[in-house]
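Student: Below is one structure. I have some questions about it.
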Amino acid sequence: MPHRARDRSRSAGGFQRGENQENSLQRSRPDQIRQGRAGNQEKLTTKRLMLKMIVSNLLPMAITEDANFQAFVKALKPTANIPDKSVMRSELLTVYEREKMAVRRSLASADDVVLTCELRLSRAEYSYLTVGCHVVDKNGKLKSYMLETTCLLSDQSAGNIINQLSAIMEAWGIKEKVHTVVTAGMPQLKKMKANWTHMPCFAYTLNMVFNDLLMCDDSLREVLTKCQEIVRFFKNDSEAEQKLREIQNQQRLQQEELIMYTGEGWLTLLHMLERLDKQYKAMPMVLNERGKTHFILIENDKKKIQNTISALIPLREATSTMKKEGFDTISVIIPLLKKLMDNLTEQAKTRNKVAAMLLSKCEHHFGKDNIPKLAPITALDPRFKNQLEDQNKRQAKDKIIKELSESAAGSASSALDLECLLSNYMAHEPLPEGGNPLAWWRFTGSRKFGEMSKLALKKLGIVSTAVPLDRAFSKADDRFCSLSSSQEPENINMILFLNSNWDTKP
C-alpha cells in the first residue's frame, strides 16, 4: 500500500477511534448524572425513612450514631451511608416547617377552634404541656392536629398554664377562634377566668371515678392486691406456670396469658380480673404445692372479684361505642352516661356493692355541674336529640334559643322565628347513630335549618377527651419519658408534632 494510502487509513482509523471515544464520553455523562441523582435520591430516602422511624417510635435523634445500630445497618448493607445526628436534626427541621405550614393553612380557613391539653411528666420530673386543636372542615369532617409541646419545668400553676396556652394561640393565629379548651385533669384551671369555656376530659373523669372507688373501699383494694400477687407469682415462676398449663390441659380448661395490672387504669384491671377469674379453677393445686397458700382466694374474695368484673363491664361497653383512634364529639357523653348508670342501677338492686359504689361516684363526678353544660350540645346532635330527659331538654332549648338570639342580633329573625326553627329541627327525623352529625349539619342541616347550622357545628366540634381514647385509659407513655430524657425541648416539640400530623408510613 502506498504511504499516502496507509496514512489516510491510519488517519481515518484514528478519527474513528476518537469519534467512538467521544461518543462514549457523551453517552456516559447522562449515565453519570442519573447515577448522581439516584445517589442523592437514595440519601434523601435514607434520611426520610430514618426520620419516620425516629418520629413514629419517639426515638432519640442520636440513634443514628449508636454503634450497635450502625453495625446492624452495615450488616444489611455494607455501603449504606448512615446520616449523623446533625444531618437528621436538619431533616427534622425541614419536614417540621413544611408540615407546620400545612396545619397553618388548615387553621386559617376554620371558623371555630377547640383546644385540648394534657400534662405529661418526664423522668427528670419536669412537666410538659401538650396542646392539640380540632376544627370542622368544609366537608363536615373533624380534623385534629398537635400544635405544641412546651416545657413547664416545675411550674404547673394555673397562671403559667394559661400564659402558655395564650402564647400558643397567638403564635398559631387562632386566639380569636378558640371557644373551648378540654383538659385532662388540671383542676387548677377550673376557677381561673379565661376567654374560653373549660371542659373536663371524659376519659380522665372516668379514671377519677374508678380511683375514688378504690380509695373508699379498703376490702376491694386488698383483694385486687392479692390478685396482682397471684398473677405476678405465675409470671415469675416458670415451673408453676408449666404446672398450671398441665392441670388446665387435664381439666380441658381454656388457656390464656395472664395480664398484670400495674395501676394504669380500670380497663387493664378489668382485663386482669377476667383472665384470672377464668383460669383460677386450676390454680389452688399449684399454689398448695408451691407453698403459696396465702394466695388462695376465699369465697368472699371470689365474690368481690365477680362483682367488680360485673360493675366494670358496663364502663367498657359504654366506651366501646366511642372512637378508639382519634376524637369523638362531646355530644356522645349524655347517652353514654345514661346507658352506664342504668346498668349500674340494675346491678345495685341485686346487692352488687361495687356497682352501687361506682354508681354513686359517677353521679358525683358527672352530676349537676356537667349535665346542664352538655345538654344543649346533645340536643344539637341529630342522633341523640330525643334522648334527653324532659327537664334537660327544656333547659337545652332555652340555652340554644338564647345563643341563637345573640348570634342573630341585628338580623330580621325574631325570637318566635328561632323557636319555630328549633321546633322544626327537633321534630325532624333523627340521624341514625352511625351517622356523622357534623356532615349532616354541614349539608342537610344548613339547607333546612340554616341559622342553626353554624352554632351546631361550633358545639359539636368540641371533643369528649383530651387525648385519643386508646391512650386515655392506659398509663403515661413510657416512650415519652425516654424521649424527654434524651432530647432538647425544641426537638421534643417537633418530634411529637410530626408524630401526630405527619404520615410516617414507609
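Student: Could you tell me whether region 147-160 includes any residue that is of a type in the set (S, T, N, Q), under 23 Å from V113 (Cβ atoms), in a helix (DSSP H, G or I) and not assigned by TED's automatic domain parsing to the domain that holds W441?
Tutor: yes
Student: Only one of (1) free of Cβ contacts under 8 Å to residues at least 12 places away in the same chain; (2) over 26 Å from S331 (Cβ atoms) is not met by E176, so which one is it?
Tutor: The failed condition is (2).
Student: Take region 236-270 and flag every residue that is in contact with a Ser or Thr (Cβ under 8 Å, 6 or more places away or on another chain) and without any contact (Cβ under 8 Å) to a residue 40 or more places away in the chain.
Tutor: I259, Y261
Student: Sticking with this one: Give the number of residues within region 371-406 that are in contact (Cβ under 8 Å) with a residue 60 or more places away in the chain and assigned to a helix (DSSP H, G or I). Spell out the reasoning first.
Tutor: Within region 371-406, the first condition is being in contact (Cβ under 8 Å) with a residue 60 or more places away in the chain, and the residues that meet it are 373, 376-377, 380-382.
Restricting the remaining residues to those that are assigned to a helix (DSSP H, G or I) gives 373, 376-377.
Residues that pass the stated criteria total 3.
Student: Helices (runs of 4 or more DSSP H) wholly in region 211-301 with at least 2 residues that are more than 32 Å from the chain's Cα centre (by Cα) and of a type in the set (A, V, I, L, M) - which ones? Before the answer, list the steps.
Tutor: On the way: elements: 218-236, 238-250, 266-279, 283-289.
Ranges flagged: 238-250, 283-289.
Student: Here's another thing I want to ask about it. When residues of region 184-226 are filtered for being surrounded by fewer than 15 Cβ atoms within 10 Å (Cβ to Cβ), within 19 Å of K361 (Cα to Cα) and among the hydroxyl-bearing types (S, T, Y), how many remain?
Tutor: 1
Student: Out of the residues in region 302-325 that are assigned to a helix (DSSP H, G or I) and among the β-branched types (V, I, T), state the one that is nearest to L224 (Cα to Cα).
Tutor: Let us first name the residues in region 302-325 that are assigned to a helix (DSSP H, G or I), namely 302-319.
Keeping just the survivors that are among the β-branched types (V, I, T) gives 305, 308-309, 313, 319.
Values: I305: 8, T308: 10, I309: 11, I313: 16, T319: 23 Å.
Here the residue is I305.
Student: Does region 126-138 contain any residue that is assigned to a loop (DSSP other than H, G, I, E, B) and crowded, with 19+ Cβ neighbours inside 10 Å?
Tutor: No: zero hits.
Student: Name the single residue that is farthest from the chain's Cα centre (by Cα) among those in region 136-166 being within 21 Å of R105 (Cβ to Cβ) and free of Cβ contacts under 8 Å to residues at least 60 places away in the same chain.
Tutor: Filtering first and then ranking leaves D137.
Student: May I pose another question? Outside the structural domain of T308 (by TED's automatic domain parsing) and more than 23 Å from K143 (Cβ to Cβ): does that describe A408? I'd like the intermediate steps shown before the answer.
Tutor: Details: outside the structural domain of T308 (by TED's automatic domain parsing): yes; more than 23 Å from K143 (Cβ to Cβ): yes.
Yes, satisfied.
Student: Continuing with the same structure: May I ask you to list the residues in region 330-367 that are among the charged types (D, E, K, R) and more than 18 Å from L220 (Cα to Cα)? Full working, then the answer.
Tutor: Start the filter on region 330-367 by keeping residues that are among the charged types (D, E, K, R), which leaves 338-339, 342, 346, 349, 351, 353, 361, 363.
K338, K339, D342, E346, K349, E363 - these are the residues of region 330-367 that are among the charged types (D, E, K, R) and more than 18 Å from L220 (Cα to Cα).
Student: Which residues, taken from region 352-370, are part of a loop (DSSP other than H, G, I, E, B) and in contact with a helix residue (DSSP H, G or I) (Cβ under 9 Å, 6 or more places away or on another chain)?
Tutor: Initial filter on region 352-370 (part of a loop (DSSP other than H, G, I, E, B)): 352, 366-370.
Correct list: N352, F366, N370.
Student: Hey, another quick one. Are there any pairs, at least 6 apart or on different chains, whose C-beta atoms fall under 6 Å, with the first in region 293-311 and assigned by TED's automatic domain parsing to the domain that holds D217 and touching a residue at least 24 places away in the same chain (Cβ under 8 Å) and the second of a type in the set (G, A, S) and surrounded by 14 or more Cβ atoms within 10 Å (Cβ to Cβ), and if so, which?
Tutor: A311/A355
Student: State yes or no: is S331 in a helix (DSSP H, G or I), among the small types (G, A, S) and in contact with a Ser or Thr (Cβ under 8 Å, 6 or more places away or on another chain)?
Tutor: yes
Student: Still on this structure, please answer the following. Among the residues of region 431-441, which ones are crowded, with 19+ Cβ neighbours inside 10 Å and modelled with pLDDT under 95?
Tutor: Residues of region 431-441 that are crowded, with 19+ Cβ neighbours inside 10 Å, as a first pass: 431, 437-438, 440-441.
Matches in region 431-441: none.
Student: Can you give me the number of residues within region 132-165 that are of a type in the set (S, T, N, Q) and either within 17 Å of A466 (Cβ to Cβ) or at pLDDT 95 or above (or both)?
Tutor: We begin by selecting, within region 132-165, every residue of a type in the set (S, T, N, Q); these are 139, 144, 149-150, 154, 156-157, 160, 163-164.
Retained after the next criterion (residues that are either within 17 Å of A466 (Cβ to Cβ) or at pLDDT 95 or above (or both)): 144, 149-150, 156, 164.
Counting residues in region 132-165 that are of a type in the set (S, T, N, Q) and either within 17 Å of A466 (Cβ to Cβ) or at pLDDT 95 or above (or both) gives 5.
The values are calculated or read from the model by the stated rules, or taken from the named source; none is laboratory data. In this text the structure is predicted, and so the values were computed from the model without any measurement. Cβ: placed from backbone, ideal geometry, glycine included. Neighbour counts: every protein chain shown.
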